[in-house]
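Worksheet: the structure to be examined is printed underneath.
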Amino acid sequence: MKKLRYFLLLLFLCIALVGCAETKLLERVGLVTLIGYDLGKEESVETTAVVRQVSTELESKVAVITAENETSQGTRAKINRRAAEKIMNGQLRGVLFGDEFAKDGIGHYIDNLLKNPAMSGDVIMAVVEGQTKPFLEYQYPDIEDIGEHIYKLLEQNVKSEQVVLSTLHEVAKDYYFMGKDIAMPIIRRDEELIEISGIALFKKDKMIGEISVDDSFYIKLSRDDYHAGVYELKIKGDDLPSSVMKNPPDEINLVFDPIKTHKDVKLVNATTPEFDLHLTVQARLLEIKPNVNTGKIKNTEALEKAISNSLSSEISRVIAYCQKIGSDVFGYGEYYRSSVRHSELTEEKWHELYKEMKVNVHVDFTLLRSGVFE
């Protein structure tokens, strides 16, 4: 009998606690799927939220709401006052920064997002050419949910390894850990379409430059494992001997997909500093124009050498540009810090060394097979 009373008391307490919990029925809340940040007047921030609202008939509609205040939390309160339902961040999938906002610094907002317990580390972050407000408010005829569309656009390009990974988790890691800078995709409106137009490069939390989407391949290849993407490369016709191609054009276009890559980075001189970057790439040739007979071993070897030289040159070019603007998106500062004991490396000290850094790039490219069926 005593045990029964304890059981009934426990059951009563559980029911009471559940009854006290805040009700969050789907039709009573507005789900924020994407937010964008722009510079407001003076020191304020302008926040634009894409909100999905579900009715009792399970019909959903998307609203784009903008508010301006001194803080991001203040704009959220204003957005709440302008929304038909209470705003919830549990379904947030993307965070966008206007390019001028990104140049001003995003560190404070990275910190705020991390402090939010409802925020997932898988939220994808990107920069918008221009301001996010007109970009999100534009009436795209073939896009019903702008927040979902942008998330899927970024997600599928990340998975296919066309652009760098820029989740909140990855961006925060690069921001807080000394020796590596942030990189994230840039998106823009091209008439009625949305496209990825480049990669934003940061120094600490400020955007200081950008590279093309094609050049992001060289960043991924030299700092990450790469095995899912397809890439188009141009090699000089003069790089192939006449025995392979007589009267070659100035440029030869080829497409390959790396099946397996491996990188090895070694610090060979701590004073300069100087690194050796060795990359091995095993790939499948999907297309080459004009055609080269890769059935002959000598032709294949000559083609592999030309591709290796071209990749080495292009990677060196991108590294040199990143050094010029002062963005270490490759993470050479991490390699330096882990290789030099008692270096007492600081952000300021590393960026001074980074300007004079030398990287010897060596690429060993191998064609495993030509085409899909061979």
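The values are calculated or read from the model by the stated rules, or taken from the named source; none is laboratory data. Since this is a predicted model, take the numbers as computed values, not measurements. Ideal geometry is used to build each Cβ from the backbone, glycine not excepted, and the neighbour counts take in all protein chains shown. The accessibility values were calculated without ligands, DNA or RNA, using every heavy atom of the protein model including side chains. Shrake-Rupley method; radii C 1.70, N 1.55, O 1.52, S 1.80 Å.
General remarks:
- At R0 = 22 Å, FRET efficiency that the Cβ-Cβ distance of Asn309 and Ala270 yields, to 0.05: 0.15
- Here the chain has 50 percent of its accessible surface on carbon and sulfur atoms, given a 1.4 Å probe and all protein chains in place.
- Relative contact order, percent, the chain [alpha-carbon distance under 8 Å, six or more residues apart]: 13 percent
- Where Rh is the Kirkwood radius over Cα pairs, Rg/Rh for the stretch 231-374: 1.08
- Length released on extending from His108 to His342, taking residue separation times 0.36 nm less the Cα-Cα span: 81.2 nm
- Distance histogram in 20 Å bins (all Cα pairs of the chain, percent per bin): 25, 45, 25, 6, 1
- For the peptides 69-76, 143-150, residues were scored by their other Cβ atoms within 10 Å and the scores averaged per peptide; the highest-first order is 143-150, 69-76.
- Across the stretch 147-192, Cα-Cα pairs farther apart than 15 Å form 52% of the total.
- Fully extended contour minus Cα-Cα distance, from Glu195 to His362, at 0.36 nm per residue: 56.8 nm
- Rg(Cα) / (2.2 N^0.38 Å) computed for the stretch 69-154, rounded to two decimals: 1.13
- When the stretch 80-211 is reduced to its Cα atoms, the Kirkwood hydrodynamic radius in Å: 15.4 Å
- Once the Cβ-Cβ distance of Glu42 and Asn291 is raised to the sixth power relative to R0 = 56 Å, the FRET efficiency obtained is 0.35.
- Among the trypsin sites (Lys or Arg not before Pro) found in the stretch 277-374, those both in a DSSP coil and sparsely packed, with 14 or fewer other Cβ atoms within 10 Å of their Cβ, are Lys296, Arg341.
- Probe 1.4 Å, accessible area per residue of the chain, Å²: 54 Å²
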